[in-house]
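The values are calculated or read from the model by the stated rules, or taken from the named source; none is laboratory data. Computed from a predicted model, the values in this text were never measured in an experiment. For neighbour counting, all protein chains shown are included, and Cβ atoms are generated from backbone atoms with ideal geometry for every residue, glycine included. Note: accessible area is taken over every heavy atom of the protein model, side chains too, but ligands, DNA and RNA are not part of it. Shrake-Rupley method; radii C 1.70, N 1.55, O 1.52, S 1.80 Å.
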Amino acid sequence: MAVVEAPVTQAPPSRVDVEDVLRAGGFTRFHRRAVAVTGFAWTFVAMEILLVGFTVPVFTAIWGISGSLAGWIAASALAGSLVGSVIFGRLADRIGRRRIFVNAILWYASFTALTALAWGPWSVSAFRFLAGIGLGALLVVDPSMLSEYLPPQNRGRFLVFLDFFWPVGLLLATGLSWVFLDQIGGDSGWRYLFLAASFPAFLAFLARLNLPESPYWLARKGRTKEAAGVLEEITGRPVSADSLGVSEEPRASVRELVSEKLRGRSAVIVLVWIALNISYYGLFLWLPFVLQDEKDFTINVYLLLALSALSQFPGYAASIWLVERIGRKPTLTLFLALGGVSALTFALADTQAVFVASLFFVGFFNLGAWGAVYPYTAELFPTRVRSTAFGMVEGFGKGAAIGGPYLFGALIDWSGNTTWSLIFIALVMVAGATAMLFGRETRGSKLA
């Protein structure tokens, strides 16, 4: 009797998801390049903040503009950033991160260069608004893109490290302003300043062309072969598209951010972003004025601004260590609370030593909190709405950022000095820390 052998069936390959592949691959040369390219662009976002603080007095002197128009010029890039973050955050979840990641920096560089051709205050404002749209896109897409490249065991640390480039931008703004406004000066110095600020951004655009699409986004869209190719580029290891598992997900909708599952997270993180934006932009856009207005202490304003920027490096370094050591939530809560205490001390300082030391710690804790908020926000939301969520928090945040400098100025008009304005900043930071008490920890959580 013939023996019929059963056909041999091959076991299907074990399924892995993008997170598993990135975890196994670890931190690679690709990640170093991605952090450097993303961080290089981050410097321009920071540089934008202080540049306008230095140039508005020049515009006031040249065109004799009112204080309210000068305030609008100062806020124009922030208003553009609000628009850009909301529109491009949602678009990045629909069409992919990479196209916006590449073109946002080109948009910003172009309109920053065109600012040099402005013929009056309203044209300056228009060009700043348009450049701000590109900045808004950078602010929401860059952290989404980088978080989706990084292995989970390094994600928090290197998303904080991204903000290490922020004080570099502040130092560049201070140095460039000193060269083009103080040394060159005249009616054309500010034009050369904006041209100089745009040139490195064009270089950053070229560097971004070599980075691929997010593997998470590709996998969620069912493009597993492309996702596997990107993962091979990232990890340097072969990845089979057939073994790449993709969980079925509902269609992304902005309404999901206010669904029963996510509305609590959304509410807490929006309040935190509002607190960070009001405190940062309210203080740092006015900081040159605050330092110049302080008559009791005789310290060079440029040196104090440099000190404020330098204080942010150790703040970020502490945040990098703490987000992995004690977690995202306690780090962010602690830095917001201590930033509020430092701002209150700065407001009430009665000696030069306390004034300088508290200025240092305001920068240390405020910017350290900014470093912690990016990994925390990225890990709160699933991939399908992550850029939309960043657009939401950036939108609320930049709306608050526009109001922050005006409230700061209004309190100066009401009180006749900067004390109550600085107390206001301190209270806002403490309010942000209080909101974080209702948040959830995300350290070690898996990107969905």
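Quick one: in the stretch 385-411, which of the residues that are over 18 Å from the mean Cα position of the chain (by Cα) and modelled with pLDDT under 75 is farthest from residue 275 (Cα to Cα)? Spell out how you get there, then give the answer.
Within the stretch 385-411, the first condition is being over 18 Å from the mean Cα position of the chain (by Cα), and the residues that meet it are 403, 405-411.
Those left that are additionally modelled with pLDDT under 75: 405-406, 409.
Working: 405: 13, 406: 15, 409: 17 Å.
Restricting to residues being over 18 Å from the mean Cα position of the chain (by Cα) and modelled with pLDDT under 75, the top hit is 409.
Pick out the one residue from 226, 260, 248 that is open to solvent by 40 Å² or more (accessible area, probe 1.4 Å) and modelled with pLDDT of 85 or more.
So the residue among 226, 260, 248 that is open to solvent by 40 Å² or more (accessible area, probe 1.4 Å) and modelled with pLDDT of 85 or more is 226.
Among the residues of the stretch 144-152, is there at least one that is aromatic (Phe, Trp, Tyr) and more than 30 Å from residue 26 (Cβ to Cβ)?
no
Would you say residue 362 is surrounded by fewer than 21 Cβ atoms within 10 Å (Cβ to Cβ) and of a type in the set (Val, Ile, Thr)?
When the stated conditions are applied, residue 362 does not pass them.
Hey, can you tell me all the residues within the stretch 177-198 that are open to solvent by 40 Å² or more (accessible area, probe 1.4 Å), of a type in the set (A, V, I, L, M, F, W, C) and modelled with pLDDT of 85 or more?
First, pick out the residues of the stretch 177-198 that are open to solvent by 40 Å² or more (accessible area, probe 1.4 Å): 178-179, 182-184, 186-188, 191-192, 195.
Applying the additional criterion that residues be of a type in the set (A, V, I, L, M, F, W, C) yields 178-179, 184, 195.
Scanning the stretch 177-198 gives 179, 195.
Residue by residue through the stretch 42-66, note down the ones that are small (Gly, Ala, Ser) and at pLDDT 80 or above.
61, 64
Exactly one condition in (1) in a helix (DSSP H, G or I); (2) out of contact with any Ser or Thr (no Cβ under 6 Å at 6 or more places or on another chain); (3) over 26 Å from residue 370 (Cα atoms) is not met by residue 166; state its number.
(3)
Quick test of your reading of the structure: residue 160 fulfils all but one of (1) β-branched (Val, Ile, Thr); (2) closer than 27 Å to residue 37 by Cα; (3) open to solvent by 10 Å² or more (accessible area, probe 1.4 Å). Name the failing condition by number.
Here residue 160 meets the rest and fails (3).
Looking at the stretch 321-344, is at least one residue not basic (Lys, Arg) and not in a helix (DSSP H, G or I)?
Looking for residues that are not basic (Lys, Arg) and not in a helix (DSSP H, G or I), one finds at least one in the stretch 321-344, hence yes.
Across the stretch 397-419, what is the total count of residues that are surrounded by fewer than 21 Cβ atoms within 10 Å (Cβ to Cβ), part of a helix (DSSP H, G or I) and not aliphatic (A, V, I, L, M)?
8
Tell me whether the stretch 156-172 contains one or more residues that are more than 24 Å from residue 135 (Cα to Cα), acidic (Asp, Glu) and modelled with pLDDT under 85.
Checking the stretch 156-172: not a single residue is more than 24 Å from residue 135 (Cα to Cα), acidic (Asp, Glu) and modelled with pLDDT under 85.
Show the residue pairs that are 6+ apart or on different chains and have beta-carbon atoms under 7 Å apart, the first residue being within the stretch 158-175 and within 15 Å of residue 196 (Cβ to Cβ), the second being open to solvent by 40 Å² or more (accessible area, probe 1.4 Å) and in a helix (DSSP H, G or I).
Filtered contacts from the stretch 158-175: 174/302.
Pull up the stretch 369-384, narrow it to residues that are closer than 14 Å to residue 275 by Cβ and not β-branched (Val, Ile, Thr), then point me to the one that is surrounded by the fewest Cβ atoms within 10 Å (Cβ to Cβ).
370
Output the residues belonging to the stretch 293-304 that are at pLDDT below 80, part of a helix (DSSP H, G or I) and surrounded by 14 or more Cβ atoms within 10 Å (Cβ to Cβ).
Within the stretch 293-304, 301, 302 meet the criteria.
Could you please let me know if residue 11 is at pLDDT below 85 and either in contact with a Ser or Thr (Cβ under 6 Å, 6 or more places away or on another chain) or not in a helix (DSSP H, G or I) (or both)?
The answer is yes for residue 11.
Which residues, taken from the stretch 265-283, are open to solvent by less than 10 Å² (accessible area, probe 1.4 Å) and among the β-branched types (Val, Ile, Thr)?
269, 272
Scan the stretch 204-215 and tell me whether some residue there is in contact (Cβ under 8 Å) with a residue 24 or more places away in the chain, surrounded by 16 or more Cβ atoms within 10 Å (Cβ to Cβ), in contact with a Ser or Thr (Cβ under 8 Å, 6 or more places away or on another chain) and within 23 Å of residue 384 (Cα to Cα).
yes
For the stretch 195-207, state whether one or more residues are within 27 Å of residue 381 (Cα to Cα) and of a type outside the set (Asp, Glu).
There is no residue in the stretch 195-207 that is within 27 Å of residue 381 (Cα to Cα) and of a type outside the set (Asp, Glu).
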